[in-house]
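Values quoted throughout were computed directly from the atomic coordinates according to the rules given, and no laboratory measurement underlies them. This is a predicted model, so every value here is computed, not measured. Reconstructed Cβ throughout: ideal geometry from the backbone, glycine too, with neighbour counts over all protein chains shown.
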């Protein structure tokens, strides 16, 4: 029975939380290297500068990983990372990235649509299919809007009918910007593989970062990882597909 280790992490564009008027960088490349037990990493707020490769691109090339990217818009980094397509101070793009050690194929994107005041004009999810020792597993990477209280429920309602149907092994991973009980209420039929506080990273009081599976997937373990520099803590799950 094949197992798969999944890490999901909102990288905050490689910047620490906002302090003293700005966000200092941390070493995202090193953080990604240290997820060395992960078969697949789902990264939100992956930042690609205009003038050099992204951290995920460097790590993929160094470690021979497959890389799938979905840009969600232009971003400016000061005083903190902000999506802003029309701002001349934008210095790169931000979006979702998936790094895989197991064979994987890009399936496509899932439209989440606009919600009021969301700066991402075409917010989408990224779907790939993994080959886990001959077992096909669909993986959907998400980063839902932070426009509470209406935004995440609206986008989860739009996402649900687009997800792989029951009977297919599947995972949904990413920053949902919504608490666990609400997530499984709007994404009916899915369960949480990890339970624990993830945000804000220094003294977390809420879990908004999730790895979701259906009941036919066995959760061998699930945990929130320590603070690695971002304003979110990573989550990790070991999953088994019978």
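Residues 69, 52, 45, arranged from fewest to most other Cβ atoms within 10 angstrom of their Cβ, appear as 52, 69, 45. Structural descriptor for the chain: relative contact order 21 percent, calculated from alpha carbon pairs under 8 angstrom and at least 6 residues apart. Spatial offset of segment 44-114 relative to segment 9-29 amounts to 15 Å, using the alpha carbon center of each.
Fewest-first ordering of 176, 150 by other beta carbons within 10 Å of each residue's beta carbon gives 150, 176. For the pair residue 117 and residue 86 in one chain, pulling the backbone fully straight at 0.36 nm per residue adds 9.7 nm over the alpha carbon distance. Across segment 67-87, the residues whose backbone nitrogen lies under 11 Å from the label position 7 Å along the beta-carbon direction of residue 50 are 75-76, 87.
Using a 10 Å cut-off around each Cβ, can you sort 43, 163 from fewest to most neighbouring Cβ atoms? Mind dumping the intermediate values first?
Details: 43 32, 163 20.
Neighbour counts put them in this order, fewest first: 163, 43.
For segment 179-200, the residues whose backbone nitrogen is under 15 Å from a point 7 Å from the Cα of residue 223, taken along Cα to Cβ, are 194-197.
The calculated P(r) of the chain, using every Cα pair and 10 Å bins from 0, goes 8, 35, 40, 16, 2, 0 in percent. Multiplying each eigenvalue of the alpha-carbon gyration tensor of segment 14-97 by 5 and taking the square root yields semi-axes of 23, 15, 10 Å, largest first, rounded to whole angstroms. Over all Cα atoms in segment 1-145, the spread is summed up by Rg and Dmax: 15.5, 51 Å. If you run the Gaussian network model on the chain, springs between alpha carbon atoms under 10 Å, then out of 122, 147, 203 the most flexible one is 203. Each semi-axis of the equivalent ellipsoid for segment 136-240 is √(5λ) with λ an eigenvalue of the Cα gyration tensor; in descending order they amount to 21, 18, 10 Å. Comparing 211, 171, 154 in a Gaussian network model of the chain, where Cα atoms under 10 Å apart are tied by springs, the biggest mean-square fluctuation is seen for 154. Taking the DSSP beta bridges in the chain as the whole, what percent of them are antiparallel, to the nearest 5? Here the share of antiparallel DSSP bridges comes out near 85 percent.
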